[in-house]
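Data first, discussion second: the structure below is written as structure tokens.
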Amino acid sequence: QVRLVESGGGLVQPGGSLRLSCAASGMIFSRYNMGWYRQSPGKTREFVANVNPEGNKQYADSVKGRFTASRDDAKNEIYLQMSSLEPEDTALYSCRAILVGTLREYWGQGTQVTVSS
């Protein structure tokens with residue numbers, strides 16, 4: 001079965017950095033678009049970043065220039081390097097996998113990021 005496990009979250013001061021990881025298993029990793037989403041209490045889940053098998057990336061306007069998504073097919077992992085963090089970035093960050101050309105998707109349980117002084 002497909003499993004996605006996020007890690008790397010924590011407490012950081014405004015302006016700080018964190019690197020999130022998502023380890024995937026039980027799937028042919030190269031066949032999946034991989035993305036990051038986030039959700040704060042009382043808020044809806046929102047798109048953060050995506051990287052497809054070719055390495056093409058897209059970002060939400062709110063994180064452009066601050067966040068960098070990447071993938072390592074040899075490790076079946078994706079990453080989210082976050083810099084210049086702001087309090088509004090506080091959220092549970094979840095990993096999403098979508099099989100290319102289908103509606104089949106999988107989600108991880110998420111890792112908490114808290115930006116506060």
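Side notes on the structure shown:
- Residue-count net charge about Ala60 - beta-carbon cut-off 14 Å; Lys, Arg +1, Asp, Glu -1: +2
- The residue among Gly16, Met82, Ser30 whose Cα reaches farthest toward the positive pole of the charge dipole of the chain, with charges on the beta-carbon of Lys, Arg, Asp and Glu, is Ser30.
- Separation of the Val2 and Asp73 label points, Cα + 7 Å toward Cβ, nm: 1.7 nm
- Local electrostatic count, Tyr32, Cβ distance below 15 Å [Lys/Arg +1, Asp/Glu -1]: +2
- Cα-based reach from Lys75 at 24 Å (exclusive), listing lysines while leaving out same-chain residues under 8 positions away: Lys57
- Pair Glu88, Glu46: separation of 7 Å Cα→Cβ label points (nm): 0.6 nm
- Placing +1 on each Lys and Arg Cβ and -1 on each Asp and Glu Cβ, with no other charges, gives segment 1-55 a dipole about its Cα centre of roughly 120 debye.
- A straight chain from Asn56 to Ser30 at 0.36 nm per residue would run longer than the Cα-Cα distance by 8.1 nm.
- For Ser17 and Gln112, the difference between the fully extended length at 0.36 nm per residue and the C-alpha to C-alpha distance is 32.8 nm.
- Dipole check for the chain: with +1 at the C-beta of Lys and Arg, -1 at the C-beta of Asp and Glu, and the Cα centre as origin, the magnitude is about 180 Debye.
Laboratory data are not the source of any read-out in this text; all were calculated from the coordinates shown. Remember, it's a predicted structure, so these values are computed and weren't measured experimentally. All Cβ positions, glycine included, derive from the backbone under ideal geometry; neighbour counts span all protein chains shown.
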